[in-house]
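A quick write-up on the structure given underneath.
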Amino acid sequence: MATRLPLLLLLLLAVAGALAFPAAAEIKTESFREDPRASIMFEKFGFSKSGAVRIIVTGAAVSSPVARADPKQLGFFLLSDESLLHAIDEAQEGPSREKRAAATNGGGEDPDGGSAGAGAGCVLSSPYVKKLFTFHDMKGGHYNKSFPVTRPDEYTLFFANCAPEALVSMRIRTEMYNVNADGSKDYLPVGQAPVPAIYGFFAFCYAAFLAAWGYLTLSRDRVNAHQIHHLMSGLLVARLLYCLSAAEDQHYIRVTGTPHGWDVAFYLFQLVKGVVLFAVIALVGTGWSFLKPVLQDREKKVLMAVIPLQVTANIAAAVIGETGPFLQGWVTWNQILLFVDIACCCAVLFPVVWSIRSLRETSKTDGKAARNLSKLTLFRQFYVVVIGYLYFTRIVVYALKTVASYKYRWVSILAEEVATLAFYLFMFYTFRPAEKSHYFSLDDEEEEAAEMVLREEEFEL
């Protein structure tokens, strides 16, 4: 039974991995020293009918304080998504079946004279996994071989350690790829094949967006441009550079298996665009520079909280993206990223809520009903759109990643980029450079009607 439990945990980790991180196929080189884990998940990859896995192991060694470890109980295997549910069922049924066998044999000995489930309990003996090799196949702790994958599916590469209390040390290099018709290697999973083109297209869109916005803020409406509009220009620059670096990163991974340094630019601009985006949402929500020249103390505190949170979130994203489930503490980094991202999303909504409540209170005393009604409507629309954008990019996109077939993982990336561009267009158009009266242009004749609306309708959240 003890050997069955790691198998169940292993398979649950595979499910978590499928939901938590996208398939990546960079050529990875990792070292492990006296690692006690029963299973190590490396990466997921969507194969075509002409895929392959190459594994190079050097300096492999096993130590155990209990007994000499059986090298046949340590090895690598692939688990397909199609076989995942069957393997989970096998893992759940295993313990009860072993208990019945132990009771039948009177004390835990199987018919062959060993302890119940000693060999059969190891995941490497499961009929639902594709065993690649074990330490028994190595020569002097070294191994180098490619394994063809001819059945299209998404597979996860695992290392299994079924030997009791065995500590494993090794250096491993993994390559997962598909072979193109011309014989070249494609290191991107089939579900991410369109990703470089998607990022390249949106980089072009943001370049055109930036040119149009620059014309407004630096030429046509230069007199009415405020500091917030120039910060919004910086947001477009950051988004453009992010898409460019993402396109180059994915292109080089596809062709060579390594990002050639573009991953550094990718994570840098991911950090910059994240910090600037949340700062712009918070500042626009306060009406800074185009409605009021300075921020209140509580609004400054929101910015002081959001910026370090975004830095933390992007550090966590970089750790997750550049390592993988084989890193001890990888799950903790995922939890940090989730918590910090939710905290940022909540924090940036406070300035908009404060602006709406402040305008509601002001409308009761200053006698400018039409102007206040227009302000309330403007900020309420912005509040709803921000919530919709955050919900879509955090919840809906995540759902698309989990329910879409491995062949269509690119759909979630496309959906996120489309939603982001649509949100930017709304925000930039709504708060474009214009005379102050542009945002709240109501005729004097509508003043009485606006007063009636303010009395009858509560702008509560």
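The values are calculated or read from the model by the stated rules, or taken from the named source; none is laboratory data. This structure is a prediction, so every number in the text was calculated from the model and none was measured. Neighbour counts run over all protein chains shown; Cβ positions are idealised from the backbone, glycine included. These area figures cover heavy atoms from the full protein model, side chains too; ligands, DNA and RNA do not enter into them. Shrake-Rupley method; radii C 1.70, N 1.55, O 1.52, S 1.80 Å.
Computed values, structure above
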quantity: Output for segment 404-434, where each listed residue is touching a Pro at 6+ places or on another chain (Cβ under 9 Å) and in a loop (DSSP other than H, G, I, E, B); calculated: Arg409
quantity: Residue tally, condition of a type in the set (S, T, N, Q) and either at pLDDT 75 or above or more than 38 Å from the chain's Cα centre (by Cα) (or both), over segment 339-373; calculated: 4
quantity: Qualifying residue in segment 212-227 (condition: of a type in the set (Gly, Ala, Ser) and in a strand (DSSP E or B)); calculated: no
quantity: Count of segment 412-452 residues which are modelled with pLDDT of 90 or more, under 17 Å from Leu378 (Cβ atoms) and surrounded by 18 or more Cβ atoms within 10 Å (Cβ to Cβ); calculated: 3
quantity: Residue selected from segment 160-186 under the condition of a type in the set (Val, Ile, Thr) and over 16 Å from Arg33 (Cβ atoms), by the criterion surrounded by the most Cβ atoms within 10 Å (Cβ to Cβ); calculated: Thr174
quantity: Restricting segment 221-236 to residues that are open to solvent by less than 10 Å² (accessible area, probe 1.4 Å) and farther than 11 Å from Lys273 by Cα, the residue that is modelled with the highest pLDDT; calculated: His229
quantity: Residue within segment 210-219 that is surrounded by fewer than 21 Cβ atoms within 10 Å (Cβ to Cβ), without any contact (Cβ under 8 Å) to a residue 12 or more places away in the chain and within 22 Å of Val348 (Cβ to Cβ) present; calculated: no
quantity: First in segment 46-62 and outside any strand (DSSP E or B), second anywhere and open to solvent by less than 50 Å² (accessible area, probe 1.4 Å), Cβ under 8 Å, 6 or more apart; calculated: Ser48/Asn178; Ser48/Val190; Ser50/Asn178
quantity: Near pairs, Cβ below 9 angstrom, 6+ apart or cross-chain, from segment 179-196 (in the same structural domain as Ser146 (by the TED database) and modelled with pLDDT under 90) to any residue that is surrounded by 23 or more Cβ atoms within 10 Å (Cβ to Cβ) and small (Gly, Ala, Ser); calculated: none
quantity: Some residue of segment 195-202 being outside any helix (DSSP H, G or I) and surrounded by fewer than 21 Cβ atoms within 10 Å (Cβ to Cβ); calculated: no
